[in-house]
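Take a look at the structure set out below.
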Amino acid sequence: MIYLRFDFEGVLRFAFSWIEERKAWKYFLLHLGVNTIFSAIVFWLMFAFFANTWIPLITGQMTEEQLKAFMLNLFLDKEFLTKVITFIGIILILIIIGSLALLYVVVLMMLYALRSKKLVPARFSASKYLRFIVLLIIKPLVILFYSFDKTVLAILWLSLVGGITSVMFTVMFRFPLFMFLFFAFLIIYIICVIYNVLRLYVSEQIFVHRDIGIIDAFRDSFKLTENNVLNVFIAAIIIAVAVFFISMLESLIPNMLFPEPVAEAALLWLMSYAIVALPVQAFIAMLTSFYYVGLYAELLKIKGE
């Protein structure tokens with residue numbers, strides 16, 4: 001069922017409302033700063049570890065064919081392989097630390113958006129942040145293998161078991177009909193997963209807003225989105241389209257500046273990409289944080305909470 005009174009325009013307007021608030025810009029700048037620092041560290045590590053390999057290419061001192069031959073010889077060098085493994089290990093650690101830092105900034109954005117909507121959030125402590133991370137880890141598993149709607153849960157597991165059984169029978173008996181059954185079960189399973197995604201769409205906002213546990217946040221999201229699945233679906237499409245077109249700026253502007261990249265311009269293209277991409281990513285983080293809180297507030301209004 002879809003409620004005609006659902007204010008999509010109001011939700012979208014709220015998503016951009018932070019632009020007019022001076023205080024909100026500090027979170028944009030914080031996201032930009034954190035992202036810039038970690039990106040700079042990654043570039044510095046690339047320079048420190050592999051300056052003798054990628055600098056000749058981007059400065060035009062080495063052709064791609066020469067670089068391929070050079071890299072082939074390098075990968076036969078145990079010392080170089082050790083350097084590559086060390087570099088990957090350091091980068092993975094940096095990615096984890098950087099992701100946690102950026103996630104915390106996004107939570108701060110969400111808290112500010114809740115206050116802007118006159119929704120007083122619960123106290124957000126370090127322990128709650130850790131539980132928020134656990135929620136983000138558990139949520140995909142809940143979406144894939146569980147549902148608070150018992151009917152959907154039964155259909156989901158029947159389609160999952162039926163799909164696996166169809167594949168096994170196809171391998172055992174080589175009967176094409178079982179493959180058709182597999183695709184039928186797969187389609188049903190995907191529909192159930194999409195349904196779960198929509199029902200759990202505002203679980204993060206509920207968890208940050210209220211002083212409740214992870215499972216309760218999932219359960220409350222199911223309650224809040226009841227009879228509003230189509231509304232949430234439309235809202236999800238709107239923000240997905242908006243983010244898609246905004247994110248295109250990351251590569252569009254560098255490609256306009258360097259329509260025919262050459263080796264000598266590769267470094268300039270990379271620098272221009274970073275200059276554009278980092279602010280765009282911060283803008284998208286603010287936009288989505290406010291949008292999801294606006295959607296959450298609209299659902300609360302419809303439910304009369």
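The values are calculated or read from the model by the stated rules, or taken from the named source; none is laboratory data. What you see is a predicted model, and the numbers here were worked out from it, not measured in a lab. No Cβ is skipped: glycine too gets one built from the backbone with ideal geometry, and neighbour counts run over all protein chains shown.
The set of residues from the stretch 183-210 being assigned to a helix (DSSP H, G or I), aromatic (Phe, Trp, Tyr) and within 21 Å of the chain's Cα centre (by Cα) comprises 195, 207. Filtered by the rule that a residue be at pLDDT 85 or above and either in a helix (DSSP H, G or I) or charged (D, E, K, R) (or both), the stretch 240-256 gives 240, 241, 242, 243, 244, 245, 246, 247. Annotation note: of 196, 231, the sole residue that is of a type outside the set (D, E, K, R), at pLDDT below 95 and within 24 Å of residue 7 (Cα to Cα) is 231. Do we find a residue being touching a Gly at 6+ places or on another chain (Cβ under 9 Å), crowded, with 16+ Cβ neighbours inside 10 Å and not charged (D, E, K, R) anywhere in the stretch 145-153? Looking for residues that are touching a Gly at 6+ places or on another chain (Cβ under 9 Å), crowded, with 16+ Cβ neighbours inside 10 Å and not charged (D, E, K, R), one finds none in the stretch 145-153, hence no.
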